[in-house]
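> What follows is a single structure, and I will ask about it in a moment.
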Amino acid sequence: MLCQYSHCKKKKKKKMLICQTELDVNEDGFLSSDDLLQIFDDLSQEKIKEIIEEVDLDADGMVNFDEFKQAMRFEPAF
């Protein structure tokens, strides 16, 4: 059972890395407001900056992979 859990965890991490890579338009390894503006053209720059500030734990103005993983973590209540 533990082995299966570990395998699922690795697959989930790989999927999140692929997702972050697709969002990283300039391919610098981080998600910036410029990256997200190019993808989410229906959001204002102010709204994107708010979103980044919520998940930017080290306050460098960008979202690294660890911050992205934490922001994407979803734990169902049931």
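Please treat every number below as a calculation from the coordinates, not as lab data. None of these values were measured; they are calculated from a predicted model. In this analysis, Cβ positions are derived from the backbone assuming ideal geometry, glycine residues included, and neighbour counts consider all displayed protein chains.
> How large is ³J(HN,Hα), in whole Hz, for each residue of the range 49-66 in order, when computed from phi with the Karplus curve 6.51 cos²θ - 1.76 cosθ + 1.60 and θ = phi - 60°, using x for Gly and Pro?
Using θ = phi - 60°, the values come out as 4, 4, 4, 4, 4, 5, 10, 7, 5, 9, 6, 9, x, 9, 10, 8, 5, 4 Hz.
> To make sure I understand the rule: partners must be lysines, Cα under 20 Å from the Cα of Lys13, and not fewer than 8 residues away in the same chain. Which ones qualify?
Lys69
> Another question, if that's okay. What spacing in nm lies between the two simple spin-label points modelled at Lys47 and Phe65, each 7 Å away from Cα in the Cβ direction?
Here the modelled spin labels are 3.0 nm apart.
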